[in-house]
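The values are calculated or read from the model by the stated rules, or taken from the named source; none is laboratory data. Keep in mind the model is a prediction, meaning the values are calculated, not measured. Every residue, glycine as well, gets a Cβ built from its backbone with ideal geometry; the counts of neighbours run over all protein chains shown. For accessibility, only protein heavy atoms count, side chains too; no ligands or nucleic acids. Shrake-Rupley method; radii C 1.70, N 1.55, O 1.52, S 1.80 Å.
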Amino acid sequence: MLDAAFFRHWLTSAAALVDREAQRLTELDSPIGDADHGSNLQRGFAAVVATLEKDAPATPGAVLTLAGRQLISTVGGASGPLYGTLLRRTGKALGDAPEVSEQEFADALRAGVDAVSALGGAAHGDKTMLDALVPAVDALSESFDAARAAADEGALATTPLQARKGRASYLGERSIGHQDPGATSSALLFDALAQTAEAGRG
Amino acid sequence: MGDDKLVGIVLVSHSGPVAESVAALATGLAGGGTTAPVAAAGGTEDGGLGTSSELIAAAAAKVDGGAGIAILTDLGSAVLTVKALIAEGDELPEGARLVDAPFVEGAVAAVVAASAGADIAAVEAAAVEAYSYRKV
């Protein structure tokens, strides 16, 4: 079973990974975006860690909804409402249970991914974060490790795609050949998730 | 009298100066007499390019007179942030809605309509209608 501490560790690990990879995310965002993905997410996740420390929410649902709200209000770019919606909707789907099973989390995360898709009007294959999120959540019922691998694979698979959403879509065919920064940061979330699960079991 | 309340307009752009200028343009074109309350929420809180949910919430609170609030946005994170705030339920005053309209033309249409006393549905219709204005 997964408790609030598990989810706090997940988001803290995610913040550390985003911090470490911020420059790379921004470099990926330079040719096809507005070169702020790394710094925007870095600011957002730092705020998430700070607010989780201060408020110490007691349930998995409360951890995720608070983190999501924080991302919406601090990121400043499109990734704020998108990641914010992902976490908030997942948290709401978990309700106020003190612990949730891995399957309950996988189901809730799918609701979160669906909400991201609805908010941005994007689907798998549009060269967005969904290209990592959708395969990852599909694999999550199997294991955290499988989800991490699927997210990585999904992020890599965005390189030959033409962007159909967001600023990159204005580039048309010139968006081809660049890995999507949003899918890359989404893969970091699943990397952090697998790390958190490994630490918990060890 | 509740009938005197005007719909408020919030203009959300990635740029502070763009939001301010469009607000000034729309208010100016609304003509003399009473104009509907208009607030700009452009850029980030530190003056950079982007979207601030805090500025949007503050702008919405400023123009809220109880008759509804039409929010117009430019693109990307402006659209997504407003949608996410509305989905939150308690971040914006009741009756706030995202209007699907071109930013400049829609803002002028919305402010003119609201200043004439149109209700929120009519303000939204006027702003949406701006999409049909072809230039060539």
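Could you give me D for region A:13-76, from Stokes-Einstein at 4 °C and 1.567 mPa s, where the hydrodynamic radius is the Kirkwood radius over C-alpha pairs? Units µm² s⁻¹, please.
For these conditions, the coefficient is 106 µm²/s.
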Next on the checklist: Checking the a/c ratio against 1.5 first, then a/b against b/c, what shape does the Cα gyration tensor give for region A:34-111?
Outcome noted: oblate
Checklist entry - Given just the C-alpha atoms of region A:145-202, how large is their convex hull per residue in cubic angstrom? => result 62
Item to check | Cβ-derived FRET efficiency at R0 56 Å, residue B:5 paired with residue A:159, nearest 0.05 | outcome: 0.55
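Could you work out the local net charge near residue A:33, counting Lys and Arg as +1, Asp and Glu as -1, over the other residues with Cβ closer than 10 Å to its Cβ?
Overall, the nearby charge balance is -3.
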Checklist entry - Using the per-residue mean of other Cβ atoms lying within 10 Å as a proxy for protection, in what order, highest first, do the peptides B:42-55, B:119-132, B:8-21 fall? => result B:8-21, B:42-55, B:119-132
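Return the value, in Å² to the nearest 100, of accessible area buried between chains B and A (probe 1.4 Å, both sides summed).
Values: alone 6790 and 8740 Å², together 14430 Å².
So the total buried area for this chain pair works out to about 1100 Å².
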Next on the checklist: Could you tell me how far the Cα centroid of region B:81-136 sits from the Cα centroid of region A:1-74, in Å?
Outcome noted: 32
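Sorted from largest to smallest, which semi-axis lengths in Å does the alpha carbon gyration tensor of chain A give for its equivalent ellipsoid, taking the root of 5 times each eigenvalue?
Ellipsoid semi-axes (Å, largest first): 26, 17, 15.
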Checklist outcome for this item: Correct semi-axes for the protein assembly as shown, from √(5λ) of the alpha-carbon gyration tensor and rounded to whole Å with the largest first, are 38, 22, 16
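Using a 1.4 Å probe over the heavy atoms of the protein chains, calculate the carbon and sulfur portion of the accessible area of region B:74-136 as a whole percent.
C and S atoms contribute 56 percent here.
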Next on the checklist: What whole-number distance in Å separates the alpha-carbon centres of region A:142-196 and region B:5-61?
Outcome noted: 35
Next on the checklist: Taking each residue in A:78-85, count the Cβ atoms of any other chain within 10 Å of its Cβ, then average. What number comes out?
Outcome noted: 6
Next on the checklist: From Cα pairs below 8 angstrom and at least 6 apart in sequence, can you work out the relative contact order of chain A, rounded to a whole percent?
Outcome noted: 22
Checklist entry - When DSSP assigns beta bridges and you keep just the ones with both residues in the protein assembly as shown, what percent turn out antiparallel, to the nearest 5? => result 10
Next on the checklist: Give me the inter-chain shielding for B:45-54: mean count of other chain Cβ atoms within 10 Å, whole number please.
Outcome noted: 4
Checklist entry - For residue B:23, what charge total do you get from the other residues with a beta carbon under 15 Å from its beta carbon, if Lys and Arg give +1 and Asp and Glu give -1? => result -2
Checklist entry - Which peptide among A:111-119, A:67-75, B:78-86 comes first, and what is the full order, when sorted by highest mean count of other Cβ atoms within 10 Å? => result A:67-75, B:78-86, A:111-119
Checklist outcome for this item: Output field shielding_mean for A:140-148 (other chain Cβ, 10 Å radius) holds 0
